[in-house]
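First up is the structure itself, then whatever we jot down about it.
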Ligand code: 4AD
Ligand code: MG
């Protein structure tokens, strides 16, 4: 018999259907079995009544264990007291494989234990909801750019040089030479933007982050748009529209998942443009004022990059994402365009998420002068020969251009309201985790 997915059950009320899935949970009294069944698309409660089924089906009902794979035949109906909730009256149950001692039980487990069993943990309701939201976000990201005239131009993972500084590069042996896993597709985006005007890349990105924080992975997915002729203000406009679009789509299409995650959606509903814009100088004043008032421990000095506690304080002053722009050039990457009014500042922006989720977007305007870039490459002690192709972009029709990068996992953790990014990707890679 043809398989019906639980998600589509409301279209089959009163009809006999077949569901193929796994046993999520079970309760039984001598005559009735209540089976919670999942099939990847959803969960449904099935009821087996001893008197109405074959001996074999009742035997199977009694022996079936958590996460055994099963096929059930039954008739779905709406719950008498809860409209929109469906139950299945089961007439037949077969067991494909009887799972023994499933390691994740309904009792509480520590997070390290769950991470060790990530390949199984993914089956649980909460993890399922998070990854459904991730999928929705990725779809929203692609639709946003595809519908706005951007061309997807994916960038390489093996690269000859660093984009975001040399301290967190993963080195690999590439035949007879050394290569690095990409930290960002940006430099290649700058080339494709000169060919296509508006482009984006979207793929895995690597940073050998030696610190254990709740916001860092060593492998994460970044989406990066780049726009020829765009200035800093243009990409700030783009960034706020982009986040508003993503959040709007999840609110619209993933209500059920947000409910499972107990996400306060009132907070999400506020993440709509326009976002406040705050110059770095003013953010520093804000932190110094907070120090005077005893609200933050450290006295922040102008010139440094913000750490997590600084970002958290700044963003706590707003109920939507805040865009901090014009950081000191010295704390930013080599490719930043200086502010013509104050050349010690870079025309860059970090979007800091509310509720302490930290920086979700980083970007800015790119240096368009060949001389300046050559100086910066030297200052940053980067190997000039690895950048010859990049410098060509400044020799042949250089234009102002700008773009940004957003880490998908940071975005998922903001949207889902998660403490730690480790649950936002199916198999996280962190300092101390390469398995499963
Ligand atoms: O601020 P970042 O380092 O910017 C760049 O790489 C630019 N080249 C992007 C561009 O302009 N095209 O990283 C961008 C974003 C951060 O805001 C954050 O969301 C995410 O990437 N990110 C990480 N996410 C998880 N784990 C890490 N270790 C991350 N590092 C950055
Ligand atoms: Mg950054």
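What follows draws every value from the coordinates through simple rules; no lab data is involved. Because the structure is predicted, anything quoted here is derived from the model rather than measured. So basically every Cβ, Gly included, is an ideal-geometry build from the backbone, and we count neighbours across all protein chains shown.
Could you compute Rg(Cα) / (2.2 N^0.38 Å) for region 1-155, with N its residue count? If you can, show how the numbers build up before the last one.
Values: Rg = 18.8 Å, N = 155, 2.2 N^0.38 = 15.0 Å.
Rounded to two decimals, the normalised Rg is 1.26.
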Distant alpha-carbon pairs in region 301-344 (separation over 11 angstrom), percent: 72
Rh by Kirkwood over Cα pairs, then Stokes-Einstein D for region 12-65 at 0.890 mPa s and 25 °C, µm²/s: 207
Cα Rg, Dmax (largest Cα-Cα span) when computed across region 85-222, Å: 21.5, 65
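Please list the three semi-axes, largest first and in whole Å, of the ellipsoid equivalent to region 68-131, using sqrt of 5 times the eigenvalues of its alpha carbon gyration tensor.
Working: eigenvalues 161, 67, 19 Å².
For region 68-131, the ellipsoid semi-axes come out as 28, 18, 10 Å.
With a 10 Å radius around each residue's Cβ, average the other Cβ atoms per peptide and rank 131-144, 91-104, 319-332, highest first. Kindly include the intermediate steps, with their values, before the conclusion.
Details: 131-144: 18.8, 91-104: 14.1, 319-332: 20.4.
Peptide ranking by packing, descending: 319-332, 131-144, 91-104.
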Residues in region 149-165 reached by a label modelled at residue 380 [backbone nitrogen below 13 Å; 7 Å Cα→Cβ]: 161-165
Cα-only Debye scattering, region 316-417: base-10 log of I(q)/I(0) at q = 0.11, 0.13 Å⁻¹: -0.42, -0.56
Principal axis dimensions, region 314-372 - Cα atoms, whole angstrom, descending: 42, 19, 15
Cα centroid separation - region 247-297 against region 41-100, whole Å: 44
Of 205, 57, 265, the one that fluctuates the most in a GNM where the chain has Cα springs shorter than 10 Å: 57
Residue 142 paired with residue 69, simple spin-label distance in nm, labels 7 Å along Cα-to-beta-carbon: 2.7
Rounded to 10°, Cα long-axis angle of helix 280-292 versus longest principal axis of the chain: 70
Convex hull of the chain built on C-alpha atoms - directionally averaged projected area, nm²: 25.8
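Pop the C-beta distance of residue 127 and residue 368 into the FRET formula with R0 = 41 Å and round what comes out to the nearest 0.05. Provide the component values of the computation, followed by the final result.
Details: r = 45 Å, r/R0 = 1.10.
So the FRET efficiency works out to roughly 0.35.
Could you compute the FRET efficiency for residue 434 and residue 51, with r as their C-beta to C-beta distance and R0 at 45 Å, rounded to 0.05? Present the calculation step by step, with values, prior to reporting the outcome.
On the way: r = 53 Å, r/R0 = 1.17.
So the FRET efficiency works out to roughly 0.30.
For the chain, what does the relative contact order come out to in percent, with C-alpha contacts under 8 Å and a separation of six or more? If you can, show how the numbers build up before the last one.
Details: 834 pairs, mean separation 60.5, N = 436.
After rounding, I find 14 percent.
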Alpha-carbon radius of gyration plus Dmax, which is the widest Cα pair, for region 205-319 in Å: 17.3, 45
